[in-house]
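Chemist: Handing you a structure now.
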Amino acid sequence: MDQSEATELLKAERARVEAALAELEASARRDREDAVQDHGEASDLVQAGHDAGQREQLEDELLAITRAEQRLADGEYGVSVESGEPIPDGRLRAQPTAERTVAEQERLGA
């Protein structure tokens, strides 16, 4: 995969995750305002827990994007961090932050 395609994939992925984080924050803000008006309920606590988990997942995705951008800058994008084997372009198009080949990732159980 050439560098310009990789750059565009990572930019799009970053934009997607940042938009999801912004929407999550806006939703959480609305939920907090509603909770104040409703004096809080158990469902608000459940939603807050769900939001926290989703926020953590999105922040992990941002870190993965940052690592992929660094690999791209270092000329190491598209190469497994584990084995040094090339990661197929199809995998990178599907998951631009992929750090390992499918087989390596499956061995990790993730």
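The values are calculated or read from the model by the stated rules, or taken from the named source; none is laboratory data. Remember, it's a predicted structure, so these values are computed and weren't measured experimentally. Ideal geometry is used to build each Cβ from the backbone, glycine not excepted, and the neighbour counts take in all protein chains shown.
Chemist: In the range 92-99, is there at least one residue being modelled with pLDDT of 95 or more, out of contact with any helix residue (DSSP H, G or I) (no Cβ under 6 Å at 6 or more places or on another chain), surrounded by 12 or more Cβ atoms within 10 Å (Cβ to Cβ) and not in a helix (DSSP H, G or I)?
Modeler: Checking the range 92-99: at least one residue is modelled with pLDDT of 95 or more, out of contact with any helix residue (DSSP H, G or I) (no Cβ under 6 Å at 6 or more places or on another chain), surrounded by 12 or more Cβ atoms within 10 Å (Cβ to Cβ) and not in a helix (DSSP H, G or I).
Chemist: Conditions first: (1) at pLDDT 90 or above; (2) out of contact with any Leu (no Cβ under 9 Å at 6 or more places or on another chain); (3) assigned to a helix (DSSP H, G or I). GLU76 passes all but one, so which condition is the exception?
Modeler: Only one criterion is unmet by GLU76, namely (3).
Chemist: Right, another one. Contact list please: Cβ distance under 8 Å, first residue in the range 55-68 and within 10 Å of THR97 (Cα to Cα), second residue basic (Lys, Arg) and in a helix (DSSP H, G or I), pairs at least six apart or on different chains.
Modeler: From residues that are within 10 Å of THR97 (Cα to Cα), the pairs are LEU62/ARG14; ILE65/ARG14.
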